[in-house]
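Novice: Encoded as structure tokens, here's the structure I'll be asking about.
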Amino acid sequence: MANPLVDLKTLLQQDLVSLDELNNLIRAERKALARNDMAEVEALVVKKNELLDLLRARAHEKVRHLVAAGYQSSTGHPSTFIGQLADPALEQLWAAANEAMSNCQAANTVNGQVINHLQKRVGRLSEIIRGASPGQKLYGSAGREEALSHKTVLANA
């Protein structure tokens, strides 16, 4: 029978490779957002989701190997259990994978905030074009601020 700790180390090494790839995709996504290249963003999201599915599947495998090594969820967090195994290489891989995951989550949160900001901006522009925001003011042909009304034509088809 295979050694669950050896298998766990292998899974963690694979996670580190996948998390590095995920981090690169998140950075590419941020650049695509800055360029407003939504086709590229969509392609990157598909790739991100594929990687996340792979990481989730590996997470289930890691839990299976932890249980085979004696871990019980009632005893606390897996990090504590791994620390008790006195295997420095395993501890290092576990910590590196957790740090890489945290970095990816933080970078992805920033991208989510950028997307949220872009969605709000598009919504405001859409309201202005439709004349749906009566409180909005624009500059008229005379260069003065004018309140937007339903009579104001901003765009013609």
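Quick note: the coordinates plus some simple rules give every number you see, no bench work behind them. It should be emphasised that the depicted structure is a prediction, and the values quoted were computed from it without experimental measurement. We place every Cβ from the backbone using ideal geometry, glycine too, and count neighbours over all the protein chains shown.
Novice: Pop a pseudo-label 7 angstrom from the Cα along the beta-carbon direction at both ALA95 and ALA2 and give the gap in nm to one decimal.
Specialist: Spacing of the two 7 Å Cα→Cβ label points: 2.6 nm.
Novice: Answer with one residue from LEU33, LEU52, SER18: the one whose Cα lies farthest towards the positive end of the charge dipole of the stretch 1-57, charges on Cβ with Lys, Arg +1 and Asp, Glu -1.
Specialist: Comparing the listed Cα positions along the dipole, LEU33 ranks first.
Novice: If you don't mind, there's one more thing I want to ask. Kindly provide the pair-distance distribution of the stretch 4-130 built from C-alpha pairs, with 10 Å bins from 0 and whole-percent values in order of increasing distance.
Specialist: 12, 34, 25, 16, 9, 3, 0
Novice: With label points built 7 Å along Cα→Cβ from the Cα atoms of ASP53 and ARG144, find their separation and express it in nm.
Specialist: The answer from the label model is 6.1 nm.
Novice: Find which of ALA96, LEU85, GLN113 sits farthest along the positive direction of the dipole of the stretch 1-146, computed with +1 on the beta-carbon of Lys and Arg, -1 on that of Asp and Glu, about the Cα centre.
Specialist: With unit charges placed on the Cβ atoms, the residue in question is GLN113.
Novice: Note down the magnitude of the dipole of the stretch 4-130 about its Cα centre, charges +1 on Lys and Arg C-beta and -1 on Asp and Glu C-beta and zero elsewhere, to the nearest 20 debye.
Specialist: For the stretch 4-130, the charge dipole is close to 600 debye.
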